[in-house]
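To keep things clear, I will list the structure first and then write my remarks on it.
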Amino acid sequence: KHYGTVPQIYLKALQTAVIIQILIVSAYSVEGLWINILAPKFDWDNEVKAIKQGTGSLLAMLVGLGLGLVLYITPIIFTMLGINGLLILLLNSIVVLTIMSLILFTNGKKKYEKIAIMILSNKKYNVK
C-alpha cells in the first residue's frame, strides 16, 4: 500500500524511528534530572555557574556517553549478526528509560527529599 510516493514500509520505519527518538530523549532527560539530584551545586553566585559549572554537568555528560554507547553500539552489532537493529534500538530505549525512571523515582526521590529537608532546616548539604 502506498501513501503518495512513499511505500508503507518506510512510513512504519519512520514512525518507529520517531518513537525511538522520543524514548531516547526522555531517557537522557531523566538521566540529567537524576544526576543533578545526586550532585547539585548550591554555592553559586550566578545561575549559569549552578548549571554549567557543577559536577552534575560533567557526570551527566559522562553517563550520557555511556548510555549512547549502550543504545547505539548494540544495534550495530546485532545488525551485523542479521538481527533487526531498529528493533534492538527500540528495546534498548525502552529498557534504558525504564531503568533510569525507576532509579529517579526511587533513589532520586529519597535524595531530593533529603535536599528539601536540608534547605528547609538551613543545614549544610550532606546527603549520602
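The values are calculated or read from the model by the stated rules, or taken from the named source; none is laboratory data. None of the values given here were measured: they were computed from a predicted structure. Cβ placement follows ideal geometry from the backbone for every residue including glycine, while neighbour counts extend to all protein chains displayed. Ligands, DNA and RNA are stripped out before the accessible areas are found, and what is left, the full protein with its side chains, is counted by its heavy atoms. Shrake-Rupley method; radii C 1.70, N 1.55, O 1.52, S 1.80 Å.
For the chain, the solvent-accessible area of protein heavy atoms averages 71 Å² per residue (probe radius 1.4 Å; ligands and nucleic acids excluded).
Given an 8 Å cut-off on Cα distances and at least 6 residues of separation, report the relative contact order of the range 33-75 as a percent. Walk me through the numbers on the way to the answer.
Numbers: 23 pairs, mean separation 15.0, N = 43.
Relative contact order for the range 33-75 comes out at 35 percent.
Between the helical axis of 85-103 and the longest alpha-carbon principal axis of the chain there is an angle of about 20 degrees. Only the Cβ atoms of Lys and Arg (+1) and of Asp and Glu (-1) were treated as charged; on that basis the dipole of the chain about its Cα centre amounts to roughly 320 debye. Note on the chain: GNM, Cα springs under 10 Å; of Asn92, Asn84, Asn46, the largest mean-square fluctuation is that of Asn46. Could you state the angle between the C-alpha long axis of helix 55-80 and the longest principal axis of the C-alpha atoms of the chain, as a value from 0 to 90 degrees rounded to the nearest 10? Rounded to the nearest ten degrees, it is 20.
If you roll a 1.4 angstrom probe over the protein chains with everything in place, what fraction of the accessible area of the chain belongs to carbon and sulfur, to the nearest %? Don't skip to the end; give the middle numbers.
On the way: 6350 of 9110 Å².
Looking at the chain in its full context, I get 70 percent from C and S.
Once the chain from Ile77 to Thr55 is taken as fully extended at 0.36 nm per residue, the excess over their C-alpha distance is 4.6 nm.
Length gain on complete extension for the stretch Val48 to Ile22, per 0.36 nm per residue less the alpha carbon to alpha carbon distance? Intermediate results must be reported in sequence, preceding the final value.
Values: separation 26, 0.36 × 26 = 9.36 nm, distance 2.72 nm.
Extra length from Val48 to Ile22 when fully extended: 6.6 nm.
Per-residue ellipticity at 222 nm, computed for the chain from helices alone with -39500 (n - 2.57) per DSSP H run of at least four residues, works out to -25500 deg cm²/dmol.
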